[in-house]
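All remarks here apply to the structure that follows.
The values are calculated or read from the model by the stated rules, or taken from the named source; none is laboratory data. These numbers come from a predicted model, not from an experiment. Methodologically, a virtual Cβ is constructed for each residue, glycine included, from the backbone with ideal geometry; neighbour enumeration extends over all protein chains shown.
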Amino acid sequence: MIRIREIDHIVLRVVDLERMVRFYTDVLGCTVERRQDAIGLVQLRAGSSLVDLVPVDGKLGAMGGAAPGPEGRNVDHFCFRVDPFDEAAIRAHLARFDVAGGPAESRYGAEGEGPSIYLTDPEGNTVELKGAPYQAVA
């Protein structure tokens, strides 16, 4: 039996690599862990996981076909667990970068039902910011 513990990494095919690096580092707080420019790969640290960015015109990205767009996205969405989930602070931070977040809603995730906000990165990928599960009421 295979037991999945957490997301290891995701790979996004991107059109504007540097704009995407800035979004994930400046807005979401990821850090550049490794660059392999010869093959077209930037790996960003996102907590215990990685977000790999692959330019569509690079060696790796060209193997994936057409660029992502509204009619053919490469990923529906992915979720980052954030702690603490302080909605006001999250919204204030996003506003500093002119990034709009959707409404905070209760959604089910790996740890149970809890608050989350959806936002969109510069190339149209949907990112979910997920808080801790609600405490059970006895």
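The residue that is nearest to Ile117 (Cα to Cα), counting only those in region 1-15 that are of a type in the set (D, E, K, R) and loosely packed, with under 13 Cβ neighbours inside 10 Å, is Glu6. I want to confirm something. Restricting to region 1-14 and keeping residues that are assigned to a loop (DSSP other than H, G, I, E, B) and within 16 Å of the chain's Cα centre (by Cα), which single residue is modelled with the highest pLDDT? Here the answer is Ile7. If only residues of region 89-113 that are among the small types (Gly, Ala, Ser) and not in a loop (DSSP other than H, G, I, E, B) are counted, the one that is surrounded by the most Cβ atoms within 10 Å (Cβ to Cβ) is Gly101. In this structure, Asp83 does not satisfy being without any contact (Cβ under 8 Å) to a residue 12 or more places away in the chain and not hydroxyl-bearing (Ser, Thr, Tyr). Of the residues examined, Asp57 is not one that is exposed (fewer than 15 other Cβ atoms within 10 Å of the Cβ) and either without any contact (Cβ under 8 Å) to a residue 12 or more places away in the chain or in a helix (DSSP H, G or I) (or both).
Scanning region 102-113 for residues that are over 18 Å from Val75 (Cβ atoms) and at pLDDT 85 or above turns up Pro103, Ala104, Glu105, Ser106, Glu111, Gly112, Glu113. Looking at Asp76, Asp98, just one residue is of a type in the set (Asp, Glu) and either modelled with pLDDT of 90 or more or in contact with a Lys or Arg (Cβ under 8 Å, 6 or more places away or on another chain) (or both), and that residue is Asp98. Among the residues of region 26-45, those that are over 14 Å from Phe80 (Cα atoms) and either under 13 Å from the mean Cα position of the chain (by Cα) or crowded, with 20+ Cβ neighbours inside 10 Å (or both) comprise Asp26, Thr31, Gly40, Val42, Gln43. In a residue-by-residue description of region 114-131, the property of being exposed (fewer than 13 other Cβ atoms within 10 Å of the Cβ), modelled with pLDDT of 90 or more and either under 20 Å from His9 (Cα atoms) or more than 17 Å from the chain's Cα centre (by Cα) (or both) applies to no position.
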